[in-house]
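The values are calculated or read from the model by the stated rules, or taken from the named source; none is laboratory data. This is a predicted model, so every value here is computed, not measured. Here the Cβ is made from the backbone with ideal geometry for all residues, glycine too, and neighbour counts use every protein chain on show. In case anyone asks, the SASA skips ligands and DNA or RNA and just uses the protein heavy atoms, side chains included. Shrake-Rupley method; radii C 1.70, N 1.55, O 1.52, S 1.80 Å.
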Amino acid sequence: MSVKIFPFSDDVLDALETSLSPERVATYASAVGGDREKALRLYTWNTAVSAAFYGPLQGLEVALRNAMHSRLSGCYGPDWYDNPACDLDGMTMNRIDEAKGKLQRGGYAIDPPHMVAELSFGFWVSLLGSGGYPRGPRGQKKKNYEMTLWRPALYKAFPNARMKRTQVHQPLDYLRTFRNRIAHHEPIFNRHLQKDYDSILMITGWMCPKTTDWIKHHSRVDQILQQDRYRGEVLF
C-alpha cells in the first residue's frame, strides 16, 4: 500500500512554525542544515518514536515499582515508606509527603497500592542510589541505602542479574532522563535510540523475562526506527 506524503507548502510550514514555536523548530532545523520541510518531517518522526517508546517505558516502570515494593514490603512491611527502619533521606521523605498530599487532595486512600502508583519513576530509581542527607540541621551523615535498602531487600527485585547496586542504578537513572525528555516533548532523535530500547528490555529482563517478551511483542519501536525520518510518513 502506497503512503501519501503530507504536503508541506510554505503556508503550512509557516503555520506549524508558529504553532510549535520558532525556537522548538530551530532545534530540528539545525540538524538538517536549515531545511524547514525536513525539520518538520524530523519533528513528526521524533513525535512518533517518542509515542512508540511510551509502552516499553511504561512496562519497565510498572514492573520496577512493583518488584521493589514487593521486596521492601517483605523486609519492612507493606507501608515500608513510613517505617523508620528504612532510614530514608530527606529528599525521599519529601517525595513521600508530596505523594500523600496529592492522594489526600484527590480523595484517595493513603495506602500502599495508591502510594506505589503515585510515586514517580524517579523516586523508585533514587532508592537504588547511595542515599542523601536526612532532614534536619546540616552536618549530619548521609543515609546508607546500600545497607538499609539494597542488601536487605532491593537486590532481590532483580533475580536475573547478579550485579552491584551501582550497576543497576546507573542505566535506570539514564533511562529516567530519557523518560523525562519524552514526557516533556523534547527532542530524542539525536540519542542512540536502539541502545535505549535495548536497555529497557535488558533491565526488564533482570526482573521478569516474560514481561520483556510481552513488551517486545507489542512494541513498535523497531518499526519506527527503521523508517526514514526525513521523507516518509509515520503512523502514531
Practice prompt. Being open to solvent by 30 Å² or more (accessible area, probe 1.4 Å) and under 22 Å from Asn94 (Cβ atoms) is the filter here, so list the residues in region 74-84 that pass it.
Written response: Tyr76, Pro78, Asp79, Asp82, Asn83, Pro84
Practice prompt. List every residue pair whose Cβ atoms lie under 6 Å apart, where the two residues are 6 or more positions apart in sequence or sit on different chains, the first residue falls within region 103-119 and is of a type in the set (Phe, Trp, Tyr), and the second residue, located anywhere, is in a loop (DSSP other than H, G, I, E, B) and open to solvent by 70 Å² or more (accessible area, probe 1.4 Å).
Written response: none
Item to complete: Determine if region 23-34 includes at least one residue that is outside any helix (DSSP H, G or I) and either acidic (Asp, Glu) or touching a strand residue (DSSP E or B) at 6+ places or on another chain (Cβ under 7 Å) (or both).
Response: no
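Filtering region 198-220 down to residues that are farther than 22 Å from His169 by Cβ and in contact (Cβ under 8 Å) with a residue 12 or more places away in the chain, which residue is least open to solvent (accessible area, probe 1.4 Å)?
So the first thing to find is which residues in region 198-220 are farther than 22 Å from His169 by Cβ, and the list is 210, 213-214, 216-220.
Those still in the list that are in contact (Cβ under 8 Å) with a residue 12 or more places away in the chain too: 214, 216, 218-220.
Numbers: Trp214: 142, Lys216: 111, His218: 122, Ser219: 29, Arg220: 73 Å².
So the residue we want is Ser219.
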Discussion item. Show the residue pairs meeting these rules: Cβ distance below 6 Å; 6+ apart or different chains; first residue within region 175-197 and over 13 Å from Trp45 (Cα atoms); second residue open to solvent by less than 50 Å² (accessible area, probe 1.4 Å) and acidic (Asp, Glu).
Written reply: Phe178/Asp196
Fill in: Matching residues, region 85-106, being open to solvent by 40 Å² or more (accessible area, probe 1.4 Å) and assigned to a helix (DSSP H, G or I)
Ala85, Met91, Met93, Asn94, Arg95, Asp97, Glu98, Lys100, Lys102, Gln104, Arg105
Discussion item. Quick check on Val12: is it within 18 Å of Arg191 (Cα to Cα) and open to solvent by less than 50 Å² (accessible area, probe 1.4 Å)?
Written reply: no
Worksheet item: For residues in region 133-184 being among the basic types (Lys, Arg) and touching a Gly at 6+ places or on another chain (Cβ under 7 Å), which is least open to solvent (accessible area, probe 1.4 Å)?
Response: Lys143
Worksheet item: Where in region 109-224 are there helices (runs of 4 or more DSSP H), lying wholly inside it, with at least 2 residues that are of a type in the set (Asp, Glu) and under 21 Å from the mean Cα position of the chain (by Cα)?
Response: 193-207
Item to complete: Inspect region 142-155 for any residue being touching a residue at least 40 places away in the same chain (Cβ under 8 Å) and closer than 30 Å to Ser21 by Cα and give the result as yes or no.
Response: no
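State the number of residues belonging to region 23-73 that are within 30 Å of Ala157 (Cα to Cα) and open to solvent by 20 Å² or more (accessible area, probe 1.4 Å). Quick ask: steps written out before the conclusion?
As a first pass, look at region 23-73 and keep what is within 30 Å of Ala157 (Cα to Cα): 49-73.
Adding the requirement that they be open to solvent by 20 Å² or more (accessible area, probe 1.4 Å) leaves 51, 54-55, 58, 61-63, 65-67, 69-71, 73.
Of the residues in region 23-73, 14 are within 30 Å of Ala157 (Cα to Cα) and open to solvent by 20 Å² or more (accessible area, probe 1.4 Å).
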